[in-house]
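Colleague: Please read through the structure below; I'll follow up with questions.
Values in this text are rule-based calculations from the coordinates and carry no lab data. Computed from a prediction, not measured in an experiment: that's the story for all the values here. Positions of Cβ are generated from backbone atoms using ideal geometry, with glycine treated the same way; all protein chains shown enter the neighbour counts.
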Amino acid sequence: MKSVDMDLEFETFKNSEEISPPKALTDNILLRVHKDLNPSGFSVFKKLAVIQFITGFITLLFCPQFGVGFFNSLGLMGLLMRFGDTICMAGCGAVFLGLSAFAAAIILRPEEIRVIRHNQFIQFPLLALLAIGIFICVGAPILATLGVSWFLGSVVGAISTLRLGLFFRSFNH
Amino acid sequence: MTLDLSDEDLMHSYQQGNFEAFETLYGRYAGRVYGYLRKRLRNASVDDVHQTVFLKLHESRFQYKKDFKFAPWLFVITRTVMLDSIRKVKNLSREIVPESLEGIASPPAFQETSMKSFEGLETLSESQKKILEMRYDKDMEFEAIARELNISHDNVRQQVSRAIKKLRRLVIKK
């Protein structure tokens, strides 16, 4: 279509008589958009878990968790060990969950991030417990005190890096 | 609060997940979009196209840049959706009345935008109607229809062919 025709058509659009659509149609559209803009905590958690699965896999390449890793080297864990066991565990947890929180902040839609932020003290601890459960299943020797350090480090790390991710994201918008 | 904002600011707020912003935009433009579609299309499918326009707007909201004016952007979406609907029905119309039969029978009107508007559709079986809708309204491949209905590919082809022949016979009788 020529641009002149397009301009004329746009004028027709602009000057169209306003006719109210049927109420049922309006309600249906608004309901669908409302539902999409307000995702449930569970659906967002599922996405977060998938992101965690992928980033967790990547983390294990350079930072073993509870002795579980893909290579024999200590990687980042070796560096963190210099500060003692507790700090090392907290740091490893922060890296493990932090990377997924950062990725989530970049990848997910704003409304999904809003849900995560709203439930951050539920979603991240749940994710950390899920990860600990998986490590136990693959035979990781987890001591209670070090497990608690890892858990706290991962939750604090995730909450902090989520904010960092949002900060980076704000530059792109 | 959102009522005072410009369309462009509302769109930005909507991109951040604010439903109220969408609701305000919808309130501002729904009447105009519906009025335009009523002017350009002449059947009951206006409702379907109107809904698709706003759902398409929702799907493409992140492609909107704040430097654009909102109204022309919405117009492009409206026009694209409208033409797309017309194209789909035109495809079915061509199947029913191929060039070789033109002159004997007239194809369904160009501006019809929904399969539901075809006369004689009620004479088809429920499964034939469903398959035609999947094929021409939803643009699905034979393979996808077969998968979804859990029937063979050949069965789908056969049912589409029979349904079209039936509709063609009705058009020619007229």
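Colleague: Among B:Phe54, A:Phe45, which comes first, then next, by fewest other beta-carbon atoms within 10 Å?
Modeller: A:Phe45, B:Phe54
Colleague: Follow-up question, since we're still on this one. Please find the FRET efficiency linking A:Glu17 to B:Asp9, where r is the Cβ-Cβ separation and R0 is fixed at 35 Å, and quote it to the nearest 0.05.
Modeller: Numbers: r = 27 Å, r/R0 = 0.77.
Calculated value: 0.85.
Colleague: At a Förster radius of 35 Å, what calculated FRET efficiency corresponds to the Cβ-Cβ distance of B:Thr123 and A:Ile54, to the nearest 0.05?
Modeller: Numbers: r = 53 Å, r/R0 = 1.51.
Efficiency, rounded to the nearest 0.05: 0.10.
Colleague: Sticking with this structure for a sec: Taking the mean number of other Cβ atoms within 10 Å as a proxy for protection, how do you rank A:157-170, B:64-77, A:92-105 from highest to lowest? Can you show the working numbers first?
Modeller: On the way: A:157-170: 17.1, B:64-77: 15.2, A:92-105: 24.9.
Put in order of decreasing packing, that is A:92-105, A:157-170, B:64-77.
Colleague: Between their Cα atoms, which of B:Lys56/B:Lys88; A:Lys35/B:Lys88; A:Lys23/B:Lys166; A:Lys35/B:Lys56; B:Lys39/B:Lys138 are more than 26 Å away from each other? Before the final figure, lay out the partial values.
Modeller: On the way: B:Lys56/B:Lys88 17 Å; A:Lys35/B:Lys88 29 Å; A:Lys23/B:Lys166 37 Å; A:Lys35/B:Lys56 15 Å; B:Lys39/B:Lys138 24 Å.
Long pairs (Cα-Cα over 26 Å): A:Lys35/B:Lys88; A:Lys23/B:Lys166.
Colleague: Are there GluC sites (Glu not before Pro) in region B:115-170 that DSSP marks as loop and that have at most 15 other Cβ atoms within 10 Å, and which are they?
Modeller: B:Glu119, B:Glu141
Colleague: If I take R0 = 45 Å and measure r between the Cβ atoms of A:Asp7 and A:Phe168 in this structure, what FRET efficiency does the formula 1/(1 + (r/R0)^6) give, to the nearest 0.05? Before the final figure, lay out the partial values.
Modeller: Details: r = 40 Å, r/R0 = 0.90.
Approximately 0.65, to the nearest 0.05.
Colleague: Also: With 29 Å as the limit, write out which pairs from B:Lys90/B:Lys130; A:Lys46/B:Lys69; A:Lys46/B:Lys130 have Cα-Cα distances beyond it, or answer none. Before the final figure, lay out the partial values.
Modeller: Values: B:Lys90/B:Lys130 18 Å; A:Lys46/B:Lys69 37 Å; A:Lys46/B:Lys130 33 Å.
Where the Cα-Cα span goes over 29 Å, the pairs concerned are A:Lys46/B:Lys69; A:Lys46/B:Lys130.
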